[in-house]
Amino acid sequence: MGNSKVSKDFSTSRYTDWGLSNKTNYIVDKMTGNVLFATPAPPLKDVTDANNAYITALGKVEYGTKEDTVIKNNLRAALIVLLKLLADYVQTTSNGDEAIILSSGFDVNKKPSVVGQLAKPDGLTVKPGDNKGSMVVSCNVVDYANFYEFEFMELPAVVNSMWIQKTSTKRKMQIDGLTSGKQYNFRVAGAASDPSRIWSDEVSSFVL
């Protein structure tokens, strides 16, 4: 018994209209006569019939009407429903064994990789924001970052100075409520599951 999962992603971002039809044909071919999947549910004939109807609709779309497009989209959705049911059958029958899943023609979901400490951000810039006492801080994209931690500290630093933190899912954010005429230090770190942080080089700037 394994822990692999059958991919049930049949979205347009993964399969074009014809790509979905070709994938369906591939799955049917791989499962036909496959002793590991003796009783497919739904039956492969149902999947083939749905795909044939979908192919017919695809042939009418290029020079067809809006109604033809709606029909095609409805048939695509119906085909995907059958493919997902068949994927569930493959998942159950395979007991999560990757090799058995692949023998069905279905794909396996990518196993999440463990992401450790993220890289040090670069390209940190600090510019005046839209409002008085605000600064826009941004950096280049940090690979694998789920969010970004922006920190700032008023200068000059003293013994009890502390970094103040703001969090954003984007690599750019506006920090408000700063004191005009004061100088601040800014830094940023990309963040994910690893609790450690590698901070960017600090950038200092006066607030307007």
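Just to be sure I understand, how many residues within the range 4-31 are exposed (fewer than 14 other Cβ atoms within 10 Å of the Cβ) and among the hydrophobic types (A, V, I, L, M, F, W, C)? Residues meeting the conditions: 1. Has the range 34-43 got any residue that is among the polar types (S, T, N, Q), within 13 Å of Gly105 (Cβ to Cβ) and in a helix (DSSP H, G or I)? No, because not a single residue in the range 34-43 is among the polar types (S, T, N, Q), within 13 Å of Gly105 (Cβ to Cβ) and in a helix (DSSP H, G or I). Considering only residues in the range 8-37 that are modelled with pLDDT under 95 and small (Gly, Ala, Ser), the one that is nearest to Ala99 (Cα to Cα) turns out to be Ser11. Taking the criterion of being in contact (Cβ under 8 Å) with a residue 60 or more places away in the chain and either within 10 Å of Glu151 (Cβ to Cβ) or open to solvent by less than 10 Å² (accessible area, probe 1.4 Å) (or both), the residues of the range 177-192 that qualify are Phe186, Arg187, Val188, Ala189, Gly190, Ala191.
Here's the yes/no breakdown for (1) acidic (Asp, Glu); (2) more than 30 Å from Ile198 (Cβ to Cβ); (3) open to solvent by less than 50 Å² (accessible area, probe 1.4 Å); (4) under 24 Å from the mean Cα position of the chain (by Cα):
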site	(1), (2), (3), (4)
Val70	no, yes, no, no
Leu85	no, yes, no, yes
Ser94	no, yes, yes, no
Glu98	yes, yes, no, yes
Gly105	no, yes, yes, yes
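The set of residues from the range 194-208 being part of a loop (DSSP other than H, G, I, E, B) and in contact with a Gly (Cβ under 9 Å, 6 or more places away or on another chain) comprises Asp194, Ser196, Arg197, Ile198, Ser200, Val207, Leu208. Does the range 122-129 contain at least one residue that is under 22 Å from the mean Cα position of the chain (by Cα) and open to solvent by less than 40 Å² (accessible area, probe 1.4 Å)? No: the range 122-129 contains no residue that is under 22 Å from the mean Cα position of the chain (by Cα) and open to solvent by less than 40 Å² (accessible area, probe 1.4 Å). Which one of the conditions (1) outside any helix (DSSP H, G or I); (2) at pLDDT 95 or above; (3) of a type outside the set (Ser, Thr, Tyr) does Leu86 fail to meet, given that it meets all the rest? The number of the failed condition is (1). Filtered by the rule that a residue be farther than 17 Å from Ile80 by Cβ and either open to solvent by less than 30 Å² (accessible area, probe 1.4 Å) or touching an Asp or Glu at 6+ places or on another chain (Cβ under 6 Å) (or both), the range 32-60 gives Asn34, Phe37, Lys60.
The values are calculated or read from the model by the stated rules, or taken from the named source; none is laboratory data. Predicted model only: the values in this text are computed from it and were never measured. As a convention, Cβ positions derive from the backbone with ideal geometry for all residues, glycine included, and neighbour counts pool all protein chains shown. When the accessible area is computed, the model is the full protein with side chains, heavy atoms only, and any ligands, DNA or RNA have been set aside. Shrake-Rupley method; radii C 1.70, N 1.55, O 1.52, S 1.80 Å.
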